[in-house]
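*Asks:* Encoded as structure tokens, here's the structure I'll be asking about.
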Amino acid sequence: MAQNRPAAFSSLRMGEVIREKVQDGLTGETREMQYTQCKIVGNGSFGVVFQTKLSPTGEDAAIKRVLQDKRFKNRELQIMRI
């Protein structure tokens, strides 16, 4: 299953909870997010999309990890905020 997870998660066991601080694209608010079962479902030039389950609710979610590249001045983030 490790091939379906980002490299940083390759050592995690299935069902293990991942915790990270994330920034809301609309409000700019930072909060902690917890999720499990991270699996890549798509990628492109601006980032990678993962299918996950939010903890503790078990709700399905998609997380887009945006790649930071100063040449593009966060164009993808600006588009997502519109």
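The values are calculated or read from the model by the stated rules, or taken from the named source; none is laboratory data. Remember, predicted model here, so these are calculated numbers, not experimental data. With ideal geometry, Cβ positions are generated from the backbone for all residues, glycine too; neighbour counts draw on all protein chains shown.
*Asks:* Need pairs with beta-carbon distance below 6 Å; first residue of a type in the set (Val, Ile, Thr) and within the range 53-77, second modelled with pLDDT of 80 or more; sequence gap 6+ or separate chains.
*Replies:* Hits for this filter: ILE63/PHE50; ILE63/THR52; VAL66/GLY47.
*Asks:* Here's a check for you: in the range 34-56, which residue that is farther than 20 Å from GLN68 by Cα and of a type in the set (A, V, I, L, M, F, W, C) is modelled with the highest pLDDT?
*Replies:* Step by step, filter the range 34-56, then rank; the result is LEU54.
*Asks:* Among the residues that make up the range 20-32, is at least one of them modelled with pLDDT of 85 or more, of a type in the set (Ser, Thr, Tyr) and within 20 Å of LEU67 (Cα to Cα)?
*Replies:* Yes; the residues of the range 20-32 include at least one that is modelled with pLDDT of 85 or more, of a type in the set (Ser, Thr, Tyr) and within 20 Å of LEU67 (Cα to Cα).
*Asks:* Something else: Among (1) at pLDDT below 60; (2) not in a loop (DSSP other than H, G, I, E, B), there is one condition LEU12 misses while meeting the rest; what is its number?
*Replies:* LEU12 satisfies every listed condition except (2).
*Asks:* Next question, about the same structure. Across the range 11-37, which residue is surrounded by the most Cβ atoms within 10 Å (Cβ to Cβ) among those that are of a type outside the set (Val, Ile, Thr) and touching a Leu at 6+ places or on another chain (Cβ under 8 Å)?
*Replies:* Checked the range 11-37; the qualifying residue surrounded by the most Cβ atoms within 10 Å (Cβ to Cβ) is TYR35.
*Asks:* Only one of (1) surrounded by 12 or more Cβ atoms within 10 Å (Cβ to Cβ); (2) of a type outside the set (A, V, I, L, M, F, W, C); (3) modelled with pLDDT of 80 or more is not met by ARG5, so which one is it?
*Replies:* Among (1) surrounded by 12 or more Cβ atoms within 10 Å (Cβ to Cβ); (2) of a type outside the set (A, V, I, L, M, F, W, C); (3) modelled with pLDDT of 80 or more, the lone unmet condition for ARG5 is (3).
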